[in-house]
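Presented below is the structure to which this report refers.
The values are calculated or read from the model by the stated rules, or taken from the named source; none is laboratory data. Not measured: the values here are computed from a predicted model. Neighbour counts run over all protein chains shown; Cβ positions are idealised from the backbone, glycine included. Keep in mind that these areas ignore ligands, DNA and RNA; they rest on the heavy atoms of the full protein, side chains included. Shrake-Rupley method; radii C 1.70, N 1.55, O 1.52, S 1.80 Å.
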Amino acid sequence: MNNTAASPMSTATSSSGRSAGKSISFAAELQSMMFSLGDARRPLHETAVLVEDVVHTQLINLLQQAAEVSQLRGARVISAEDLLFLMRKDKKKLRRLLKYMFFRDYKSKIIKGIDEDDLPEDKLSGSSNTNKRQKIAQDFLNSIDQTGELLAMFEDDEVDEVKQERMERAERQTRIMDSAQYAEFCESRQLSFSKKASKFRDWLDCGGMEIKPNVVAMEILAYLAYETVAQLVDLALLVRQDMVTKAGDPFSHAISATFIQYHSSAESAAACGGEAHSDAIQPCHIREAIRRYGHKIGPLSPFTSAHRRNGMAFLAC
């Protein structure tokens, strides 16, 4: 499938051509999300704006891809099936999405169980709609699975190494927090795009689309938006770690020199030098993370996405 995705390196320095969503910003929420994912307690606003641009650009292009798939199916809306189809080649991220859909169903079941305690018995039979997300995913993957690989994911209990690393990082992060900082951290971990569904829909300008995403598709898009933020933070932290020269390691100087040479422009110098003493992720860390992610070489090559659009690697799928 073709896509006209702009390079993330171009979105790193300019707004990504938003229309109706231009005046809507998630920068403040992103700062809190980034803190909960491993950034400093007060993430830089300019870094959050850059992350917002990257996430917005990638989701808009993902929506365009999904709309094309939906049209080919003859559907009137973008549904979960279209997004699952786009993610089918990246087994790890698809497995992660399926687990998310399972937990969404589980959460709905719990809420519905609480609500049904107040319903009369004659209405209980008509209120059964549990596991709808799992059923959508299972029915669709069954229709396209020729080898059984995709359906096997529903029974797969493999430990997600990326999620495990994030949890371990969060545990290390909280060790040095006082009660006020920990309360703020916990509140930040509650944030998601799905909790601001109306704002999220306007941010993506879904109202201006000819083929619009349905409710379940919007849930998946909100999940993918958060995962994109998380992956950007993961990779930016690796980049920042590479920039620190280590005593007794001659190669660490070479890594840092390469990074400095790549970011030799005045803008990058201001971005990195102006906040050199801050523990916060810098815009240059995000740019370098995206650059490395887009190449199948170097220390980030195992994380390179299976989907590439005109040289741009999609972080979401």
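Run through region 168-246 and list the GluC sites (Glu not before Pro) located in a DSSP loop whose Cβ has at most 10 other Cβ atoms within 10 Å. List each step's numbers first, then the result.
On the way: sites: E168, E171, E184, E187, E210, E219, E227; in loops: E210.
The qualifying sites are E210.
If the chain between I110 and L72 were fully stretched, how many nm would it gain, using 0.36 nm times the residue separation less the Cα-Cα distance? Walk me through the intermediate numbers first.
On the way: separation 38, 0.36 × 38 = 13.68 nm, distance 3.65 nm.
Length gained, I110 through L72: 10.0 nm.
Arrange the residues K212, K93 by how much accessible surface each exposes, largest first, with a 1.4 angstrom probe.
Order by accessible area, largest first: K212, K93.
Counting only the heavy atoms of the protein chains, how much of I211 is accessible to a 1.4 Å probe, in Å² to the nearest 10?
Rounded to the nearest 10, that gives 20 Å².
In terms of modelled amide H atoms, which long-range or inter-chain residues lie less than 5 Å from the amide H of K212?
Sorted by chain and number, the residues that satisfy this are I78.
Just to confirm the filter: which trypsin sites (Lys or Arg not before Pro) across region 128-205 are DSSP coil and have at most 12 other Cβ within 10 angstrom of their Cβ?
R175
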